[in-house]
Amino acid sequence: MDLQEMKQETMDILSIIIPVYNEAACLETLFSRLLGVEKELGGKFEFLFVDDGSTDQSRDIIRRLAQENSHVRYVFLSRNFGHEAATTAGLDHCIGDAAVIIDSDLQDPPELIPELVAKWKEGYQVVYARRILRRGETLFKRASSWLFYRILRGLSSVDIPADTGDFRLIDRCVVHHFRRCREQNRFVRGLVAWTGFRQTAVPYERDHRFAGQTKYSPLKLIELAFDVMLGFSNVPLRLGILMGLLVCLICFGLIGVIVVQKLFFGIPIPGYALLVSGIFFLGGIQLLIAGLMAEYVGRIYQQVQARPLYIAAEKSSGLPPQETGWAETEPPAKTDRI
Ligand code: UDP
Ligand code: MG
């Protein structure tokens with residue numbers, strides 16, 4: 001049965017969204033494991049591959065899979081737009097009653113999908129997979145990720161669950177509201193958390209990468225961390241006020257000390273060193289805050305430019321021409337499991 005017929009039959013369809021960037025060595029194995037899960041669950045999957053500008057054989061493999069299996073669809077982006085944009089493209093184009101986002105390098109085991117679905121059937125709209133073990137990842141990555149989530153949860157009013165990746169199941173109604181968020185510097189996990197609804201976790205052990213290298217360099221991770229901090233917390237904006245207050249307090253304290261020394265003990269005021277360090281200290285703080293403001297201005301500028309988040313260069317047949325104007329076009333959620 002093809003996907004359109006399934007939709008007419010109002011069977012529950014599960015969209016599997018797979019962002020791909022130079023993962024030719026993983027795709028075949030990933031797909032065969034996904035097929036195994038589809039069989040176990042009853043054959044109602046849409047496999048939506050989003051190729052994020054791969055330069056290896058990934059696109060050829062995906063095209064071939066689509067020819068061989070009518071449940072495979074794809075969107076090929078016109079260049080590398082980044083993981084967050086590729087995931088967004090998948091969520092924009094999927095047709096399922098729920099969507100599962102899964103990495104293509106097999107670090108997220110497809111065999112966990114039935115557990116995610118079971119929780120969804122219990123009535124949760126977001127079921128995220130929480131990593132209780134991370135195999136094959138560097139100490140830097142594990143330590144920075146651990147610290148990042150703790151700081152983020154401390155600073156942000158949005159309840160972004162710690163130790164989760166993008167591997168999660170999202171109900172159609174959450175997908176609908178997610179599509180209305182069109183911010184440029186995005187963090188899909190944060191946006192999904194921000195939508196609210198009933199959310200729960202399923203623990204899992206993250207595997208080694210099946211083949212190839214991670215696409216996230218430490219610099220890219222830091223950039224992402226910066227995006228998230230500025231996107232989901234107002235604390236950086238208030239840093240200027242906090243630092244200003246701190247400097248004022250230090251200043252008052254110093255003045256007090258100097259006055260007491262001069263008036264009661266007759267100690268001469270040591271001017272030069274204090275003056276120079278004060279100037280440097282204040283200069284540093286001012287530059288820091290100016291830099292932070294510049295970051296916000298840059299982001300406002302990008303948002304005002306309102307460029308599309310990605311450009312789809314090629315799509316498999318039957319996919320709707322969706323990229324913008326989401327708020328009005330999508331019907332309300334079919335499943336209403338609050
Ligand atoms: N990916 C992508 N675009 C990018 C970088 C990564 O679509 O610019 C995909 C990649 O193919 C993989 C997933 O996003 O399916 C996660 O990437 P990766 O495994 O490199 O990240 P890590 O697991 O090391 O954090
Ligand atoms: Mg990976």
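Within the range 72-123, track down each residue that is within 16 Å of ligand 2 (Cβ to nearest atom), out of contact with any Leu (no Cβ under 6 Å at 6 or more places or on another chain) and at positive phi.
G82 - this is the single residue of the range 72-123 that is within 16 Å of ligand 2 (Cβ to nearest atom), out of contact with any Leu (no Cβ under 6 Å at 6 or more places or on another chain) and at positive phi.
Select from the range 16-30 the residues that are without any contact (Cβ under 8 Å) to a residue 60 or more places away in the chain and either of a type in the set (S, T, N, Q) or within 13 Å of ligand 1 (Cβ to nearest atom) (or both) and list them in ascending order.
The answer is A24, and nothing else.
Please enumerate the residues belonging to the range 176-208 that are aliphatic (A, V, I, L, M) and in contact with a Gly (Cβ under 8 Å, 6 or more places away or on another chain).
None - no residue of the range 176-208 is aliphatic (A, V, I, L, M) and in contact with a Gly (Cβ under 8 Å, 6 or more places away or on another chain), so the list stays empty.
Pairs please, first residue from the range 134-148 and in contact (Cβ under 8 Å) with a residue 60 or more places away in the chain and within 14 Å of A162 (Cα to Cα), second anywhere and loosely packed, with under 15 Cβ neighbours inside 10 Å and not aliphatic (A, V, I, L, M), Cβ atoms under 6 Å, 6+ apart in sequence or on different chains.
R134/R142
Could you check the range 89-105 and list, in sequence order, the residues that are more than 14 Å from ligand 1 (Cβ to nearest atom) and within 15 Å of F45 (Cα to Cα)?
Once the filter is applied, which keeps residues that are more than 14 Å from ligand 1 (Cβ to nearest atom) and within 15 Å of F45 (Cα to Cα), the range 89-105 yields H93, C94, I95, G96, D97, A98, A99.
Could you please find all residues in the range 20-77 being in a strand (DSSP E or B) and of a type in the set (V, I, T)?
Across the range 20-77, the qualifying residues are V20, V50, V72, V75.
So the check is Cβ under 7 Å with 6+ separation or different chains; which pairs have a first residue in the range 41-55 that's under 15 Å from L91 (Cβ atoms) and a second one that's of a type in the set (F, W, Y) and within 16 Å of ligand 2 (Cβ to nearest atom)?
D52/Y21
Out of everything in the range 293-338 that is in a helix (DSSP H, G or I) and modelled with pLDDT under 85, what residue ends up being nearest to S54 (Cα to Cα)?
Within the range 293-338, the match that is nearest to S54 (Cα to Cα) is W326.
Only one of S156, S217 is among the hydroxyl-bearing types (S, T, Y) and in contact (Cβ under 8 Å) with a residue 24 or more places away in the chain. Can you tell me which?
On inspection, the qualifying residue turns out to be S156.
The values are calculated or read from the model by the stated rules, or taken from the named source; none is laboratory data. Everything numeric here is computed off the predicted structure, so don't read it as measured data. Ideal geometry is used to build each Cβ from the backbone, glycine not excepted, and the neighbour counts take in all protein chains shown.
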